[in-house]
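Asks: Starting off with a structure, shown below.
The values are calculated or read from the model by the stated rules, or taken from the named source; none is laboratory data. Worth saying up front: this structure is predicted, and the values here are computed from it rather than measured. All Cβ positions, glycine included, derive from the backbone under ideal geometry; neighbour counts span all protein chains shown. These area figures cover heavy atoms from the full protein model, side chains too; ligands, DNA and RNA do not enter into them. Shrake-Rupley method; radii C 1.70, N 1.55, O 1.52, S 1.80 Å.
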Amino acid sequence: MEGPIRLERVVAPKTFAIRTFGCQMNEHDSERLAGLMVADGLIPVASGEEPDVVIFNTCTIRENADLKLYSALGQLKAQKENHPEMQIAVGGCMAQKDRGEILERAGWVDVVFGTHNLNSAPALLRRARSEGPLVEILDAPDPEASRDMAPALYAVRELEFAAWMTIQTGCDNTCAYCIVPAVRGAEISRPLADLVREAEMLAKAGVSEITVLGQNVNSYGRDITKRGPLFAELLRELGAISGIERIRFTSPHPKDLRPETIEAMAEIDAVCPQLHLPLQSGSNRVLRAMRRGYSAERYMERLAAARDAISDLAVTTDIIVGFPGESDVEFNESLEVIASAEFDSAYTFIFSPRSGTRAAEMVEDFVDDDVVKERFERLKQVLDRSALAKHRQRVGQREEVLVEGPSRRNDQMLSGRTRQGKLVHFASPTEPLRAGSLAMVDITYAAPYHLLGELSSVVRPPRHKLRIPLLSS
Ligand code: SAH
Ligand code: SF4
Ligand code: F3S
């Protein structure tokens, strides 16, 4: 005889949420981490619900990045008191820098992991349930683990048709203001064959745009072979993969931008006409103090070479205002160089001293806040002017746009990016285009940060298969 039917309680899987600070490399690390969490049996939390596990993937490039993390942790403290099963993990660059200090300042954190052991986060979270708070920071990556590409293939991507691909980790440069080498370690390149295989798999999954990531992509491969330059070769290999229609990369270092890279950009159809070339300053004395390894003239020469070779090239940059010792005269020199470079857009930063870096010790030369703020405003005006001028040149043109979905500002419109990487909002046709579609759009209006347009024709529908969403949001 069979016994009574046993009713087993179905245990709902635990949910997780990841909050990411910082750069695209960190965003992509979070996508990989999300993939690892899913492989470990957790599911992404539905929007509006409280997750069982919260992971902060942190940044420490400027001081306000640190402040943001501690304020976010503070907000979670009360939530955790009401929900003691909740786990909080802190990983990424700030965790790598502050290590155990995070637990001293926020004792309700369960796990701290660094930039070199992202793959261990799920196991650390499991162990912490029985062992209590754990801090695990490695001083350098385990060479085998850092070559392991499995996490990249499981990555939970925000856009199904566009993917990031990290080709190298760390940085071998010594820019005086920068904490990245201290928290990300020395440059390690992933093998070319692995990258090509990863890109082929992404293409098979329907990805049509790949953004290649590294702190200094030009020096990709320098640590694995004397035969160079490998970056141009990588671009060629990626460009030959069927289905990959757009390739972007960030960031190349101006001192290492080689003619081979420019040639590859000019010759390979899939490589987008977009170059992010961080100038930092246009004053030669400041550039030397920053240890950037190029002069303003050298930068402008390379920029001119790139513009000559690559038609319709969009150029963006990074600028730091108020590096220690930057005088009014030097700032004005910098502004002149910036104006003459005619950037399409720029990320602008106020210098922030990071302890352990050379520039943080130049306390006597720190520039007053008021002076920095005034310079920052003047810089913004120059950059907005050139951004608008560049955008106005596009009005009347027909541009290829990869559709990202309904516009955030107006859901009657669609948004997408041109090959140059510019954001376009355009009127939706009677039948709305799905994200991942490729369309031709006539540009009708220019603002400094976006363009407006009208659909001209649809080039192709999305390449990726429609998936039933994991969770309704
Ligand atoms: N590897 C990239 C830069 C990564 S950090 C490169 O060299 O191009 C991104 C940007 O942050 C830098 O280009 C720089 O403009 C800015 N930045 C880095 N450290 C900073 C600091 N201490 N204060 C202000 N801005 C900083
Ligand atoms: Fe930092 Fe310079 Fe390396 Fe960029 S190249 S990550 S700015 S040290
Ligand atoms: Fe990126 Fe911030 Fe780290 S900019 S490399 S997440 S310090």
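Asks: Has segment 307-330 got any residue that is touching a Leu at 6+ places or on another chain (Cβ under 7 Å) and in a helix (DSSP H, G or I)?
Replies: Within segment 307-330, one or more residues are touching a Leu at 6+ places or on another chain (Cβ under 7 Å) and in a helix (DSSP H, G or I).
Asks: Taking the residues in segment 199-220 that are hydroxyl-bearing (Ser, Thr, Tyr) and open to solvent by less than 10 Å² (accessible area, probe 1.4 Å) as candidates, determine which candidate is nearest to ligand 2 (Cβ to nearest atom).
Replies: Taking the candidates together, the pick is Ser219.
Asks: Moving on to the next point. Any residue in segment 283-297 that's in the same structural domain as Asp328 (by TED's automatic domain parsing): show its pairings with residues that are of a type in the set (D, E, K, R) and within 11 Å of ligand 1 (Cβ to nearest atom) at Cβ separation under 6 Å, as long as the two are six or more apart or on different chains.
Replies: Gly293/Lys255; Tyr294/Lys255
Asks: Also, I was wondering about something else. Name the residues in segment 273-292 that are within 16 Å of ligand 3 (Cβ to nearest atom) and among the polar types (S, T, N, Q), would you?
Replies: Once the filter is applied, which keeps residues that are within 16 Å of ligand 3 (Cβ to nearest atom) and among the polar types (S, T, N, Q), segment 273-292 yields only Gln280.
Asks: Within segment 96-106, identify whether any single residue is in contact with a Pro (Cβ under 8 Å, 6 or more places away or on another chain) and either more than 16 Å from ligand 3 (Cβ to nearest atom) or in the same structural domain as Cys178 (by TED's automatic domain parsing) (or both), and answer yes or no.
Replies: Yes, segment 96-106 contains a residue that is in contact with a Pro (Cβ under 8 Å, 6 or more places away or on another chain) and either more than 16 Å from ligand 3 (Cβ to nearest atom) or in the same structural domain as Cys178 (by TED's automatic domain parsing) (or both).
Asks: Take the residues of segment 59-73 that are modelled with pLDDT of 90 or more and open to solvent by less than 40 Å² (accessible area, probe 1.4 Å): which is farthest from ligand 1 (Cβ to nearest atom)?
Replies: Ranking the qualifying residues of segment 59-73, first place goes to Leu73.
Asks: Any chance segment 189-198 includes a residue that's within 20 Å of Cys59 (Cα to Cα), within 15 Å of ligand 2 (Cβ to nearest atom) and open to solvent by less than 50 Å² (accessible area, probe 1.4 Å)?
Replies: no
Asks: If a residue must be surrounded by 22 or more Cβ atoms within 10 Å (Cβ to Cβ) and touching a Leu at 6+ places or on another chain (Cβ under 9 Å), how many such residues does segment 235-244 contain?
Replies: 1
Asks: Residues in segment 343-361 that are of a type outside the set (Gly, Ala, Ser), in contact (Cβ under 8 Å) with a residue 24 or more places away in the chain and more than 13 Å from ligand 2 (Cβ to nearest atom): how many?
Replies: Here the count works out to 5.
Asks: Determine, yes or no, whether Thr225 is among the polar types (S, T, N, Q), farther than 28 Å from Arg157 by Cα and either within 15 Å of ligand 2 (Cβ to nearest atom) or open to solvent by 10 Å² or more (accessible area, probe 1.4 Å) (or both).
Replies: Against the criterion (among the polar types (S, T, N, Q), farther than 28 Å from Arg157 by Cα and either within 15 Å of ligand 2 (Cβ to nearest atom) or open to solvent by 10 Å² or more (accessible area, probe 1.4 Å) (or both)), Thr225 qualifies.
Asks: Looking at the structure I just gave you, is Gln397 open to solvent by 40 Å² or more (accessible area, probe 1.4 Å) and of a type in the set (S, T, N, Q)?
Replies: Yes.
Asks: I'm trying to understand the selection: among the residues of segment 253-272, which are away from ligand 3 (no atom under 16 Å from the Cβ), within 16 Å of Arg302 (Cβ to Cβ) and outside any helix (DSSP H, G or I)?
Replies: Once the filter is applied, which keeps residues that are away from ligand 3 (no atom under 16 Å from the Cβ), within 16 Å of Arg302 (Cβ to Cβ) and outside any helix (DSSP H, G or I), segment 253-272 yields Leu257, Arg258.
Asks: Of the residues Ser352, Ser334, Ser415, only one is under 27 Å from the mean Cα position of the chain (by Cα), open to solvent by less than 30 Å² (accessible area, probe 1.4 Å) and assigned by TED's automatic domain parsing to the domain that holds Gly453; which?
Replies: Going through Ser352, Ser334, Ser415 in turn, just one is under 27 Å from the mean Cα position of the chain (by Cα), open to solvent by less than 30 Å² (accessible area, probe 1.4 Å) and assigned by TED's automatic domain parsing to the domain that holds Gly453: Ser415.
Asks: Assess whether Gly22 counts as being within 16 Å of ligand 2 (Cβ to nearest atom), part of a loop (DSSP other than H, G, I, E, B) and either open to solvent by 20 Å² or more (accessible area, probe 1.4 Å) or not assigned by TED's automatic domain parsing to the domain that holds Ala121 (or both).
Replies: So Gly22 passes the test.
Asks: Which of the residues that make up segment 32-50 are among the β-branched types (Val, Ile, Thr) and assigned to a loop (DSSP other than H, G, I, E, B)?
Replies: Correct list: Val45 only.
Asks: Here is a follow-up. Condition test on Ala186, is it open to solvent by 20 Å² or more (accessible area, probe 1.4 Å), small (Gly, Ala, Ser), assigned to a loop (DSSP other than H, G, I, E, B) and within 16 Å of ligand 1 (Cβ to nearest atom)?
Replies: Criteria met by Ala186.
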